[in-house]
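The values are calculated or read from the model by the stated rules, or taken from the named source; none is laboratory data. These figures come from a predicted structure and were not determined experimentally. Positions of Cβ are generated from backbone atoms using ideal geometry, with glycine treated the same way; all protein chains shown enter the neighbour counts. For accessibility, only protein heavy atoms count, side chains too; no ligands or nucleic acids. Shrake-Rupley method; radii C 1.70, N 1.55, O 1.52, S 1.80 Å.
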Amino acid sequence: MPIPPFDDRAVIAGQGTVGLEIAADCPQVGLVLVPVSGGGLISGIAAAVRACCPDAAVVGVEPALAADARESLHRGERVSWPAAEVQATVADALRVEQVGALPFAHIRALVADIVTVAEDEMLAAVRLLAHQARLVAEPGGAAAAAAWLYHREELPPAAVTVAVLSGGNIDPALLAATLAAD
């Protein structure tokens, strides 16, 4: 039996362990930034963080070229984007046409907002993470860091912020080109 990648209670609960780790390691967290694809990761993290740190805000981050979850949250209903549009983002891990039904219910209840980042901002975050933190991140995985770096004015104020770095599966040629763009 296939396991859905994000629209499943068990998957969301498993993703919630990230939120439990954030709350345990950083109980004073005020803001958690999470990349959004199908919604499983942000749903689990938001449920755990809000249960353990009820005053913390959880904000999703999507590429501007694949912002179906942001549009859905702002409209109050799930919106689907054409596959051809979402395929345009370099953040291949975030190329989902529509957020899942179960994750969307979590997002509506627990997520403060979803912001978008530009392609060049994600690539700049990949570069910065590699050069300064010695971490390899794919563009979608670096989206939360990009929001903190380039869209701080759109985020709720917080003394302590955590940006979830969610993946390092970047094509070696893209990584080399991104690092060489300095």
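Assorted remarks:
- Filtered residues of the range 52-66 (kept if open to solvent by 10 Å² or more (accessible area, probe 1.4 Å), out of contact with any Pro (no Cβ under 8 Å at 6 or more places or on another chain) and either acidic (Asp, Glu) or within 18 Å of Glu154 (Cβ to Cβ) (or both)): Asp55, Ala64, Leu65
- Test result for His106, at pLDDT 95 or above, touching a helix residue (DSSP H, G or I) at 6+ places or on another chain (Cβ under 9 Å), surrounded by fewer than 18 Cβ atoms within 10 Å (Cβ to Cβ) and not hydrophobic (A, V, I, L, M, F, W, C): no
- In the range 13-50, the residues that are part of a helix (DSSP H, G or I), closer than 14 Å to Phe104 by Cα and open to solvent by 10 Å² or more (accessible area, probe 1.4 Å): Leu41, Ala47
- A search for C-beta distances below 6 Å between a residue of the range 34-62 that is closer than 20 Å to Ala145 by Cα and any residue that is open to solvent by 10 Å² or more (accessible area, probe 1.4 Å) and among the charged types (D, E, K, R), counting only pairs 6+ apart in sequence or on different chains, returns Val59/Asp113; Glu62/Arg70.
- Counted as qualifying within the range 67-115 are the helices (runs of 4 or more DSSP H) with 3 or more residues that are of a type in the set (A, V, I, L, M) and touching a residue at least 24 places away in the same chain (Cβ under 8 Å), namely 101-110.
- Boolean, Ala125 is assigned to a helix (DSSP H, G or I), of a type in the set (Gly, Ala, Ser), open to solvent by less than 20 Å² (accessible area, probe 1.4 Å) and at pLDDT 95 or above: yes
- Among the residues of the range 139-156, just one is open to solvent by 70 Å² or more (accessible area, probe 1.4 Å) and closer than 22 Å to Glu21 by Cα, namely Trp148.
- The condition (being open to solvent by less than 60 Å² (accessible area, probe 1.4 Å) and hydrophobic (A, V, I, L, M, F, W, C)) is satisfied by just one residue among Val136, Val162: Val162.
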